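Structure first, then comments.
What follows is calculated from the coordinates using simple rules that are stated; it is not laboratory data. The model shown is predicted, which means the values in this text are computed figures rather than measured ones. Don't worry about glycine lacking a Cβ; one is built from the backbone with ideal geometry, like all the others, and counts go over all protein chains shown.
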Amino acid sequence: MRPLLLLVFAVQLACGASSPPPVATTPATTEATPAAAPAPLVDPTGDCVIELWAGDSWVERGRATCGSAGQIGLVVAGDAGLEGPILDSTVAAMKARCATGPCDVGVLPGDLLYGDGLEAEVRWRAVWDAGFATLGIPFAAVLGNHEWRHEPNSKLKRKAVFASDQRGGLLIPGPSYAARVRDPSGRTLLALAGLDTDSVSNPAKHMPGLGDHALAMACAEGAPVVWIGHHPASSQGQHHGHEAHVEAALRKIITNATSGGCRIAVATAGHDHDLQAYGPGCEAEGMPGVVVSGVAGRGFRPPGPPHLATCPANAEAVSSYHAGPKTTGGFAWIGIDTTTGDTKVELIEATPDGPAVLATAQWPLQ
């Protein structure tokens, strides 16, 4: 037998030559099963109308439920910009809390997207469309420092977020804006001031500014006002160590507004990755209550300096601080009386067993 034939024969024995050799064929064409298309977003409905100040008039932008027993309920989830189990647990805990009602309006106070802006479109659909939008209520959002700087291509993050304005009930027409919730009789139940606080933290030439006109228009409604900004005006979080001056600047802006008659019921924020609540006048006379909710997507950081463990300007004011480290999410629920502006707060951790209330607080509008 020729050497070549011996080699072939040996290989066939090693591979199991008793079976017939494979027959060369043209590969069959197989089509991958297409992924199921995401369910279309459904705009929230309700008897109340959400209107946006468009520069010369108020224009309708969506619908909302009008609360119950004279109270509008809000859920506040800051620093939500990472899809994954922490965000998923936050959304699930929100749904469980809202099943006990009322939850009429949501608030996303900045850092909506972390990471490279090249991933912004996909990531934002995971955070918003597949996340918070599934609650079926309108949300008002603002930008944070991570939409302006830190990671590459931040401009693409802003583009993705602004392009989603009005999608599934989201309100984010620009860096700063004024909005209001009106009942069928035309009465304004609640005013919203969405403000770009990174313009205070990072006063570069390209920044748009805080949005003084937006705050003025919200205040002019005479209804209780919710301040929505990313950076807190009072905080015991880790950012306080290098941003105490930013907090002081925001407190000055807010107290100037309240001294002029603005009825700010609560100043909401994220930025610090923990849950905090401070009653009116805690750190400065004329300050409204402050709620910091920054654990929705990144979990709890370790604590910062405890300078507000007892409120320095009003020892009787609420001071509630909850830090980590913990890899669980959470949010704040806020109920605001639409006549008096009196406020109730729940700081809620998203645990594996569902929402756990860490603390409750309440205060009158000052």
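Annotations
- Some residue of the stretch 297-312 being of a type outside the set (A, V, I, L, M, F, W, C), in contact (Cβ under 8 Å) with a residue 60 or more places away in the chain and closer than 16 Å to Leu365 by Cβ: no
- If you go through the stretch 208-267 and keep only what is touching a strand residue (DSSP E or B) at 6+ places or on another chain (Cβ under 8 Å) and among the acidic types (Asp, Glu), you end up with just Glu221.
- Residue that is surrounded by the most Cβ atoms within 10 Å (Cβ to Cβ), among those in the stretch 210-233 that are closer than 18 Å to Asn145 by Cβ and out of contact with any Ser or Thr (no Cβ under 8 Å at 6 or more places or on another chain): Pro232
- Lone unmet requirement of (1) in a strand (DSSP E or B); (2) among the small types (Gly, Ala, Ser); (3) within 23 Å of Ile72 (Cβ to Cβ) for Ala356: (3)
- Complete set of residues in the stretch 148-170 that are buried (at least 23 other Cβ atoms within 10 Å of the Cβ) and touching a strand residue (DSSP E or B) at 6+ places or on another chain (Cβ under 9 Å): Val161, Gly169, Leu170
- Positions within the stretch 189-222 being over 19 Å from Ser154 (Cβ atoms) and assigned to a helix (DSSP H, G or I), in sequence order: Asp212, His213, Ala214, Leu215, Ala216, Met217, Ala218, Cys219
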